[in-house]
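Everything on this sheet refers to the single structure shown next.
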Amino acid sequence: MQTYKIAVLPGDGIGPEVTKEAVKVLKAIEESDESISFDIKTFHWNSEYYLEHGKMMPDDGLDQLKTFDSILFGAIGDSRVPDPVTVWELIMPIRKNFQQFVNFRPIKLLKGLQSPLNNSHPIDFVILRENGEGEYSNMGGTMFPGEQREMAVQNTVMTRQGITQIAEFAYQYAREHGKTKVTSATKSNAIIHAMTFWDKVVEEVAEQNADVEYEKYYIDALAAYFVQRPEDFQVVLASNLFGDILSDLGSAIVGGLGLAPSGNINPTREFPSMFEAVHGSAPDIAGKGIANPIAQIWSAALMLEHLGRRDLHDKILSAIEEILEEKNVLTPDIGGTATTELVGDAIAGKLLTKV
Ligand code: ATP
Ligand code: MG
């Protein structure tokens, strides 16, 4: 039996509500499969912790997390704590220190769901967003405050290493999952330094992986194609900003935030990777018991796949699709009246009866 050490950070708002259901599903997996068990430890490093201690996590927080195989993360965000604090004191330190350079987002129209596109074709691709550099660098600044000539400069930072490692991950992922094409998002016709470099380095990696088809589109055209012919894509490779925008567009064409999972992946596997629903802490529905737990349960499934158990990922996804097709136990965001807890129970129940 293989035991995995999982760190669970439930977070704020609906974070703990949906994470509880994801943990319930992990327990059901453990119970139904003798080959796997989980050693789960929960860390309440959230906005409440910040209000009490003046920091988002203890000084040795990263050292503690480093000993785990993976991290399951609930959304963080609370009106009493400024957003930059939660981002720069918790999320970014984890991503940077654990070298989680790939933000992984499946865009898959699950069985039982209707795309707002009325698309009759299957939508099933992944977006791999560069997670550590690019347009979201903090290099830059403002000048001449208050004067007529006041200005701001923000630099994009693209490194050969950063681009190479996400491009290589894209090809590795494609090969391992039977995908035959990688699509790169660019804008080298207008962002002439950074995106031209992106194209050059991605194309070098593409040449070394010539068995998988390579194509590139300008980001504006690609956004339109996501709507017009999403069935054409398999693996989409994008910089930090482009990937951020494409991911939200992607989640919108397959059913919305309640169903959008993600992984922050350390491609070298030297450090733990972190899995989380794309959605935020959703203060508007927190405490009401109506948050859709599917995004977080699917994120836990992605975690199992990353840990080497794609079979268990697929098993969880089938259980999710079964309840979506049956339509008896769904949360209000996707047209049902069930609670978060009932949806978690239903998915866990499917896994337990599959023994
Ligand atoms: P953040 O700044 O933390 O990202 P946000 O303002 O971008 O937060 P979310 O918290 O992601 O937004 O929520 C956006 C909208 O989607 C809200 O109306 C919220 O209620 C809804 N929503 C988000 N997640 C879920 C979910 N799991 N189930 C149902 N509705 C959700
Ligand atoms: Mg948000």
Open item on the list: I'd like the distance between the alpha-carbon centres of the range 285-354 and the range 269-284, rounded to an integer number of Å.
Closed with: 16
TODO: Quote the relative contact order of the chain in percent (integer), defining contacts as alpha-carbon pairs under 8 Å separated by 6+ residues.
DONE: 24
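Which whole-number value in Å³ per residue fits the convex hull of the alpha carbons of the range 230-355?
Details: hull volume 17.5 nm³, N = 126.
It is 139 Å³ per residue.
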TODO: For Arg175 paired with Glu203, estimate the spin-label separation in nm (one decimal), with each label point 7 Å from Cα along the Cα-to-Cβ line.
DONE: 2.3
Open item on the list: Report for the range 1-112 the percent antiparallel among DSSP-assigned beta bridges with both residues inside it, nearest 5.
Closed with: 10
Open item on the list: Through the Karplus equation 6.51 cos²θ - 1.76 cosθ + 1.60, θ set to phi - 60°, convert the phi angles of the range 193-204 into ³J(HN,Hα) values in whole Hz; use x for Gly and Pro.
Closed with: 8, 5, 6, 5, 5, 3, 4, 4, 6, 4, 5, 4
- [ ] Name the long-range amide H neighbours of Ile36: under 5 Å, sequence gap of 5 or more, or other chain; modelled H, no Pro or chain starts.
- [x] Gln2
TODO: May I ask you to list the residues of the range 322-355 whose amide nitrogen lies under 17 Å from a point 7 Å from Cα along the Cα→beta-carbon direction of Thr42?
DONE: 340-342, 344-345
TODO: Can you check how the C-alpha radius of gyration of the range 31-108 compares to 2.2 N^0.38 Å, as a plain ratio?
DONE: 1.28
TODO: Take the alpha-carbon centre of the range 1-46, take the same for the range 174-244, and report the distance between them in whole Å.
DONE: 34
Task: From phi via Karplus (6.51, -1.76, 1.60), per-residue ³J(HN,Hα) for the range 138-155 in Hz, x at Gly/Pro - done: 9, 7, x, x, 10, 9, 6, x, x, 7, 4, 8, 3, 8, 10, 10, 10, 8
Task: Chain lengthening between Glu322 and Val85 when straightened (0.36 nm per residue, less Cα-Cα) - done: 81.4 nm
Task: the range 65-138 - Rg (one decimal) and Dmax (whole number), Cα, Å - done: 16.7, 46
Open item on the list: Please list the three semi-axes, largest first and in whole Å, of the ellipsoid equivalent to the chain, using sqrt of 5 times the eigenvalues of its alpha carbon gyration tensor.
Closed with: 31, 26, 21
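For the range 111-170, which GluC sites (Glu not before Pro) are in a loop by DSSP, counting at most 13 other Cβ atoms within 10 Å?
On the way: sites: Glu130, Glu133, Glu135, Glu147, Glu150, Glu168; in loops: Glu133, Glu135, Glu147, Glu150.
Sparse-neighbourhood loop GluC sites (Glu not before Pro): Glu147, Glu150.
Laboratory data are not the source of any read-out in this text; all were calculated from the coordinates shown. Predicted model, so just to flag it, every value in this text is computed and none were measured. All Cβ positions, even for glycine, are placed from backbone atoms using ideal geometry, and neighbour counts span all protein chains on display.
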